[in-house]
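Engineer: Sharing a structure with you now.
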Amino acid sequence: MDQTVAGLMRDADTGDRAAADRLFTMLYADLHRLAERQLSRNSGQLTLGATTLLHEAYISMADREGAAYPDRAHFMAYASRAMRGLVIDYVRSRRAQKRGGEFHITGIDTSTPAGGDEATEQLDALGEALEGLAELDPPLAQLVDLHFFCGFGFAEIAAMRGVSERTVLRDWRKARVLLRSTLRD
């Protein structure tokens, strides 16, 4: 059995559950940093922990049939999307509860900073814009996930994709323009 990341990804793609578990273990530190970055973007307004987010994302990814990870970049981008989706769902759930989604008699919630609704709406809008970008141009959406959410530099992304850094920068500008226009609408 191949113990490299690429070999484990190939084995996991064929349905080898043990390979998928070894892959998760091998990339755990990178995935944990990714989860911390996802949560730090929300300036402390979430009560969700990085480890919880990471494990929820793993469960979500493990349950998905037909998901293929041809390389580390695709795997990390997919993990980032899974975590982003979980954060957005968590924020939506909290907002629904705050708006009376569950009838509880409670005290005033002082844990949400002022402007929390605006930040929630921005996160929602960004999530929808990225989903739209993924439908329009999947490689651009993956680039946003890798750079913005995973924290990879442009040189690292260029190496992962086998293209020049200049190409990645050009794609980054294109993705930003498309996202801005979507967010304005």
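Engineer: Scan the stretch 135-170 for residues that are free of Cβ contacts under 8 Å to residues at least 12 places away in the same chain, of a type outside the set (Phe, Trp, Tyr) and within 23 Å of Thr182 (Cα to Cα) and report the count.
Structural biologist: Qualifying residue count, the stretch 135-170: 4.
Engineer: Name the residues in the stretch 46-76 that are farther than 17 Å from Ala20 by Cβ, part of a helix (DSSP H, G or I) and at pLDDT 80 or above, would you?
Structural biologist: Ala50, Thr51, Thr52, Leu53
Engineer: Of everything in the stretch 16-45, what is open to solvent by 30 Å² or more (accessible area, probe 1.4 Å) and modelled with pLDDT under 75? Give them in sequence order.
Structural biologist: Arg41, Ser43, Gly44
The values are calculated or read from the model by the stated rules, or taken from the named source; none is laboratory data. Quick caveat: nothing in here was measured; it's all calculated off a predicted structure. When we count neighbours, we look across all protein chains shown, and the Cβ atoms used for this are built from the backbone with ideal geometry, even at glycine. With ligands, DNA and RNA removed, areas are computed over all heavy atoms of the protein, side chains included. Shrake-Rupley method; radii C 1.70, N 1.55, O 1.52, S 1.80 Å.
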